[in-house]
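Data first, discussion second: the structure below is written as structure tokens.
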Amino acid sequence: MTEEPQLSGGELLAAISTKVVKLLREHYGRGPMKAKTYVLDDLIVCVLRDGHTTIEQTMMESGEEQQVLDMRRNFQRMMAAEYKGIIEKLTGRTVVAFLSQTHVDPDITMEIFFVDRPLDGFGAAELIEPLRIDGD
């Protein structure tokens, strides 16, 4: 088996977004209308917009937001290995933490991954001993 070359930059961001949306489409019957991935050091965040299904929208309109959020949370827990696998395959890094959060209105879901080491080309400044703002 030939090893795939690692993607970087915008190609990596687009591939992560595409694979996450594909996973959602396969398991929910539809995916979000918009998806955007951000990477900063060892942090990967996928922001998914307008992804609630028709039945979820109906439930929320009937005052059942918490049931929709609970179902989404359970789904993310059950699918965690698949989400992590996407990130690990595309980045060559190990996912050390996966968090997921859904917001009802507006319809936004965030899939957040922390990997074992920073991704090349996506840096940030780190303050080890930040100075106090008041100068002390």
Legend entry - Residues located in region 87-123, provided they are in contact (Cβ under 8 Å) with a residue 40 or more places away in the chain, open to solvent by less than 30 Å² (accessible area, probe 1.4 Å) and within 11 Å of the chain's Cα centre (by Cα): ILE87, THR109, GLU111, PHE113
Inset, instruction - Tell me, please, whether a residue that is at pLDDT below 95, assigned to a strand (DSSP E or B) and under 16 Å from ASP120 (Cβ atoms) can be found in region 40-53. - result: yes
Legend entry - Condition check for ARG77: touching a residue at least 12 places away in the same chain (Cβ under 8 Å), assigned to a helix (DSSP H, G or I) and loosely packed, with under 14 Cβ neighbours inside 10 Å: no
Legend entry - Matching residues, region 46-74, being surrounded by 16 or more Cβ atoms within 10 Å (Cβ to Cβ) and closer than 27 Å to GLY9 by Cβ: CYS46, VAL47, LEU48, GLY51
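The values are calculated or read from the model by the stated rules, or taken from the named source; none is laboratory data. Predicted, not measured: the structure shown is a model, and the values here were computed from it. Methodologically, a virtual Cβ is constructed for each residue, glycine included, from the backbone with ideal geometry; neighbour enumeration extends over all protein chains shown. Note: accessible area is taken over every heavy atom of the protein model, side chains too, but ligands, DNA and RNA are not part of it. Shrake-Rupley method; radii C 1.70, N 1.55, O 1.52, S 1.80 Å.
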